[in-house]
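Every number here is computed from the coordinates shown, using simple stated rules; none is lab data. Computed from a prediction, not measured in an experiment: that's the story for all the values here. We place every Cβ from the backbone using ideal geometry, glycine too, and count neighbours over all the protein chains shown.
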Amino acid sequence: SLCRALLSPPDLSWISRAQVNQPAVLRRAEQVQARQAVKKAWQAAWLLKAVTFIDLTTLSGDDTSSNVQRLCYKAKYPIREDLLKALNMHDKGITTAAVCVYPARVCDAVKALKAAGCDIPVASGETRGYGRCHPNPHGIGWEHLQKEIRQFRKASGDARVKTILATGELGSLTNVYKASLVAMMAGSDFIKTSTGKETVNATLPVAIVMLRAIRDFFWKTGTKVGFKPAGGIRTAKDALVWLSLVKEELGDEWLTPELFRIGASSLLSDIERQIYHHVTGRYAAYHDLPMS
């Protein structure tokens, strides 16, 4: 096992005894990276599936209502209709999983999506009254962290809670595993690798550890927690690697927008280019696709 823990009841004793076999994790990550994620004949179908996991995001301080409206339109129509018709997928209602904006633009997003006649969810900012936890990665107070995340959970009411672990700051893969367990024990609905803006974002070793933590937590408690990688996922090939990894580690049950999301701002454009190539046999010139 890459991640070992004494499976006692889900309390802090589970955290304290957890260890990660780092060499085994790194070997597994090399294997995933080295092989082709999806056979070519199935790539278009898998790329369309990847679209449905994307949280289409704009998180710029100078966002305007017009920017948000364009983003919402792209969320509803992520792939050009003639390409979908060529694949006989034009009537399948393919949209992105959500639109993600800063709190000040939530109303704009909700209004734009309502005007478009769709029910794509809107994701946003931080819980009122609370900020981020910034534990020392080499001396993390797991009990304190668990209590603070529980406060987020309580303050969020019926909303789904996503905990961003900032895994690049945690110092070790064992700490990544422990932080994942703490977040899930405290009631997180999703755990996310990073904001996407840190120096170190989503990496395969970190993802493997987080996915194993999700699996162990499910086996012990029966509760399914979602996973979201973010940062550095820019190409269609990247997306296929992540989908393949989730499928192998957690199974098809996790390949739904309710349990898997991809945090990316530029990924959708490359997926559309690859689908254009699949349909036409040509790579898109700049003017061939609307890159919104």
Cα axis of helix 173-185 to longest principal axis of the chain: angle in degrees, 0 to 90, nearest 10? 90 degrees
How far apart, in nm, are the 7 Å Cα→Cβ label points at ALA45 and LYS85? 2.4 nm
Excluding PHE190 itself, calculate the net charge of residues whose Cβ lies under 10 Å from the Cβ of PHE190, where each Lys or Arg counts +1 and each Asp or Glu counts -1. +3
Can you tell me the Rg and the Dmax, both Å, for the Cα atoms in segment 145-292? 16.9, 54
Phi-based couplings in Hz for segment 101-109 (Karplus 6.51, -1.76, 1.60; Gly and Pro marked x): 9, 5, x, 5, 10, 4, 4, 4, 5
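May I ask you to give the average projected area over all directions of the convex hull of the Cα atoms of the chain, in nm² rounded to one decimal?
15.7 nm²
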Which listed pairs, of LYS39/LYS237; LYS178/LYS224; LYS76/LYS247; LYS92/LYS224; LYS114/LYS228, have C-alpha distances above 20 Å, in listed order: LYS76/LYS247; LYS92/LYS224; LYS114/LYS228
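Report the local net charge at TYR177: Lys and Arg +1, Asp and Glu -1, summed over other residues whose C-beta lies under 9 Å from its C-beta. Can you show the working numbers first?
On the way: positive: LYS178, ARG212; negative: ASP216.
Combined, the nearby Lys, Arg, Asp and Glu give +1.
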GluC sites (Glu not before Pro) lying in DSSP loop within segment 221-259, provided at most 15 other Cβ fall within 10 Å: GLU258
What is the distance, in nm, between label points placed 7 Å from the Cα along the Cα-to-Cβ direction at ALA155 and at LYS114? 2.6 nm
Relative to the longest principal axis of the chain, what angle (0 to 90°, nearest 10) does the C-alpha long axis of helix 204-221 take? 70 degrees
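Compare the peptides 151-158, 109-116 by average per-residue count of other Cβ atoms within 10 angstrom and give them in order, highest first.
Per-residue Cβ counts within 10 Å, averaged per peptide and sorted highest first, yield 109-116, 151-158.
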Taking the simple approach of a point 7 Å from Cα along Cα-to-Cβ for both ARG35 and LYS147, what is their distance in nm? 4.6 nm
Given 0.36 nm per residue, what is the gain on full extension from LYS237 to TYR283 after removing their alpha carbon distance, in nm? 15.1 nm
Calculated FRET value between ASP63 and GLN19, using beta carbons and R₀ = 41 Å, to 0.05: 0.40
In degrees rounded to 10, the 0-90 angle between helix 22-34 Cα long axis and the longest Cα principal axis of the chain is 10 degrees
Quick one: length gained pulling ALA104 to TYR73 fully straight, 0.36 nm per residue minus the C-alpha distance? 9.3 nm
Based solely on C-alpha atoms, express the radius of gyration and the Dmax of segment 189-246 in angstrom. 11.9, 35
What percent do you get for the relative contact order of the chain when only Cα pairs under 8 Å and 6+ apart count? 21 percent
Counting only DSSP beta bridges fully inside the chain, the antiparallel percentage to nearest 5 is 10 percent
